[in-house]
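For reference, the structure discussed in these notes is given below.
The values are calculated or read from the model by the stated rules, or taken from the named source; none is laboratory data. Please read these numbers as outputs of a predicted model, since none were measured by experiment. Every residue, glycine among them, receives a Cβ derived from its backbone with ideal geometry; neighbour counts consider all protein chains shown. With ligands, DNA and RNA removed, areas are computed over all heavy atoms of the protein, side chains included. Shrake-Rupley method; radii C 1.70, N 1.55, O 1.52, S 1.80 Å.
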Amino acid sequence: MAQINPFATLIALILSSIASSLLGEMEALVVLCLVTIIPFFFHVNILRVMWSMKVMLVTALLIFLFSFFGEGTLLSSLSDTSKFLSIVALSALYIKKSDLLDLSTTMGSILSPVFGKNGRKAASAVMMTLALFPIIFSTATEMMNARASRGGSFLRHPVKSISDYTVSMMRLLFQKVIIFQDALYSRSWSTSGERTKVALVGRDWALIILSFLLFIGFFIWKRVL
């Protein structure tokens, strides 16, 4: 089966993320339901993927609590949380299903004729940023499992527990990022190095054009309403 270039799906992801900020309260809840249900038809258990990112679920809970106690209504708080979870779910699916190396090479091919080495550096920066998300998710899971094995709970002293958890996770992340960086440098990887060119084909351009048309149509529809 022909694969869509990850650059085309990245454009679709960015546009859908922007569009999510324009959603109404009930619309945000409906979109979250669709984002949760539709992947099952493609043999992807998005609930399991989300459960593996417990730090994001904790963040979603904090968004709900701060929104609700900040004089928000229950519906508006659920809406804010739904928007966040929808974007997280789509981003997780993108990282799980996309080849980040193809993304970098495609972006480099598009940007380097105009910006030269800076174009390849920008493409590498995007790839590196996205590559860090699996590290963040795995680190959060490791820490949650370690905390659970010691009988730890966020319910006891929640503010202190979340603060300690966040600081410890940041320290562990810095260590893993340094290891990741050393692994790249040991392979003579360079942010401005030449990449094998990966061209966009017809189906990729079709997805990009369709994404822009849907986004423009949605934007006009929301403004008219």
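May I ask you to list the GluC sites (Glu not before Pro) in region 1-94 that are in a DSSP loop and have at most 16 other Cβ atoms within 10 Å of their Cβ? The partial results should precede the final answer.
Details: sites: E25, E27, E71; in loops: E71.
Within region 1-94, the qualifying GluC sites (Glu not before Pro) (loop, at most 16 other Cβ atoms within 10 Å) are E71.
With all protein chains present, how much of the accessible area of the chain (probe radius 1.4 Å) comes from carbon and sulfur, to the nearest whole percent? It would help to have the intermediate numbers written out before the result.
Values: 9830 of 13910 Å².
After summing per-atom areas, the C and S share lands at 71 percent.
What pairs in K97/K121; K83/K176; K121/K176; K83/K222; K96/K121; K121/K222 have C-alpha atoms more than 26 Å from each other?
Details: K97/K121 23 Å; K83/K176 30 Å; K121/K176 22 Å; K83/K222 16 Å; K96/K121 23 Å; K121/K222 37 Å.
Table pairs above 26 Å Cα-Cα are K83/K176; K121/K222.
Note down the nm distance, to one decimal, between modelled labels 7 Å out along Cα→Cβ at A199 and at V167.
Placing both labels 7 Å beyond Cα along the Cβ direction yields 5.6 nm.
How big is the gap, in Å, between the Cα center of region 77-112 and the Cα center of region 13-40?
Centre-to-centre distance over Cα atoms comes out at 14 Å.
Note the full-extension length gain between L213 and F68 as 0.36 nm times their separation in residues minus their Cα-Cα distance, in nm to one decimal. Numbers along the way, then the final one.
Values: separation 145, 0.36 × 145 = 52.20 nm, distance 3.52 nm.
Difference between extended and current length: 48.7 nm.
Between I178 and V224, what's the calculated FRET efficiency when r is the beta-carbon distance and R0 is 45 Å? Round to 0.05. The partial results should precede the final answer.
Values: r = 51 Å, r/R0 = 1.14.
For I178 and V224, the calculated efficiency is 0.30.
Starting from the 7 Å offset along Cα-to-Cβ, what nm value, one decimal, do you get for the label separation of S21 and I37?
According to this spin-label approximation, the distance is 2.9 nm.
Would you mind finding the longest exposed-site-free stretch of the chain, with exposed trypsin sites (Lys or Arg not before Pro) meaning DSSP loop and at most 15 other Cβ atoms within 10 Å?
Values: sites that count: R150, R156, R187, K197.
The longest such stretch corresponds to 1-149.
Can you tell me, using C-alpha contacts under 8 Å and at least 6 residues apart, the relative contact order of the chain as a whole percent?
Numbers: 191 pairs, mean separation 66.5, N = 225.
Relative CO of the chain lands at 30 percent.
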